[in-house]
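Report on the structure given below.
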Amino acid sequence: MPLRIQTTPALLGVQTTQGKMEIQTTEAPFTLDIQKPQLQMTTRAPELRIDQTEPFAEAGLKKPLRLTRDEVQRAKRLHLEGVAQIAQQGRQLANIQNGGNPIASQAEENAFGQFTRAFNMDNSNL
């Protein structure tokens with residue numbers, strides 16, 4: 001028995017119609033509100049401060065606290081200078097065997113040499 005296959009072409013039927021699309025639009029209203037920019041600026045008046053503490057101090061017009069502090073420093077310096085002078089004179093007397101006359105030179109220095117002062121004044125108009 002021979003095998004026989006018989007086929008029939010399948011027909012597919014699709015019917016289409018072109019679709020239509022309609023769009024209706026109206027102009028959209030557009031509004032734009034713009035505000036003018038604002039600038040705020042605040043300033044302070046400048047301040048000028050001049051510290052005249054040093055010029056017044058140089059002219060002898062010191063505040064009490066500064067005057068006291070300066071005088072304490074001066075007193076300490078003079079004290080140390082006096083101690084140094086006493087120590088030097090003691091060394092001179094200890095070395096009296098080296099010659100010279102330390103007692104006479106120290107007496108003259110102690111009597112006259114300590115009292116030389118420099119004054120900050122102009123004597124040209126006298």
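Rule-based calculations on the coordinates, nothing more; no lab input. Since the model is a prediction, treat every value here as computed from it, not as a measurement. Every residue, glycine as well, gets a Cβ built from its backbone with ideal geometry; the counts of neighbours run over all protein chains shown.
For region 11-116, GluC sites (Glu not before Pro) meeting the loop criterion (DSSP other than H, G, I, E, B) and having at most 14 other Cβ atoms within 10 Å: Glu22, Glu27, Glu47.
Rounded to the nearest whole Hz, the Karplus-based 3J(HN,Hα) values (6.51 cos²θ - 1.76 cosθ + 1.60, θ = phi - 60°) of region 100-108 follow the sequence x, 10, x, 5, 5, 5, 5, 5, 5, with x at glycine and proline.
The string of couplings for region 58-63 from the Karplus curve (6.51, -1.76, 1.60, θ = phi - 60°) is 5, 8, x, 9, 9, 6 Hz, one whole number per residue in order, with x for Gly and Pro. Per-residue ellipticity at 222 nm, computed for the chain from helices alone with -39500 (n - 2.57) per DSSP H run of at least four residues, works out to -12500 deg cm²/dmol.
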